[in-house]
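Below: the structure, in structure tokens.
The values are calculated or read from the model by the stated rules, or taken from the named source; none is laboratory data. Only a predicted model underlies this, so the values are computations on that prediction, with no experimental measurement involved. Cβ: placed from backbone, ideal geometry, glycine included. Neighbour counts: every protein chain shown.
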Amino acid sequence: MELKLSDKRKPLRAETRRPKPRDVVIGGIDNQLGLIADPAYKVSRYRYVDDGEGNKVKRMVAAKPRQWWFRDESGQYFLELRYGSSYILALDDNKPSILCGDSLDDVVDVLNHVRKMVERGDLDDRILALKEKAKRRDRS
């Protein structure tokens, strides 16, 4: 029997658990769609909470996601796409939001369209740039 050698290495556990950048954006879009469909929509998040003895303990809690859409004075809905919770995913430089229309149904249509764009890979360059920006963030 002849052995077939390979240069492949087993991936590190941290690499296999970490979500891909596209999945981060798609997950955020899904949360927004859930929030529009049900205003009481919650997601599971880890938070540090007081355990009653003054210690902070990491616990899983249900939290409402931040909404990405907003209304201006004229009643038009706008959408600000995000990578994670802190970084705005602008589709064009200096234009951080998307004009959706007069109703939340228009916001849903835009979210579904952007989701398809992310799945096709149309926004990969911008998403990867935000991933690098998030990685370099000073957490002190």
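Quick look at the numbers
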quantity: Unmet requirement for Gly84, which otherwise passes all of (1) modelled with pLDDT of 90 or more; (2) surrounded by 12 or more Cβ atoms within 10 Å (Cβ to Cβ); (3) not hydrophobic (A, V, I, L, M, F, W, C); calculated: (1)
quantity: Matching residues, segment 38-50, being within 18 Å of the chain's Cα centre (by Cα) and surrounded by 10 or more Cβ atoms within 10 Å (Cβ to Cβ); calculated: Tyr41, Lys42, Val43, Arg45, Tyr46, Arg47
quantity: Those residues of segment 62-99 which are out of contact with any Pro (no Cβ under 8 Å at 6 or more places or on another chain), within 21 Å of Gly34 (Cβ to Cβ) and of a type in the set (A, V, I, L, M, F, W, C), in sequence order; calculated: Ala62, Ala63, Trp68, Trp69, Phe70, Phe78, Leu79, Leu81, Leu89, Ile98
quantity: Segment 105-129, residues that are part of a helix (DSSP H, G or I) and surrounded by 16 or more Cβ atoms within 10 Å (Cβ to Cβ); calculated: Asp106, Val107, Val108, Val110, Leu111, Val114, Arg115, Val118, Arg126, Ile127
quantity: Options Tyr83, Tyr77: the member that is under 30 Å from Tyr46 (Cβ atoms) and of a type in the set (Phe, Trp, Tyr); calculated: Tyr83
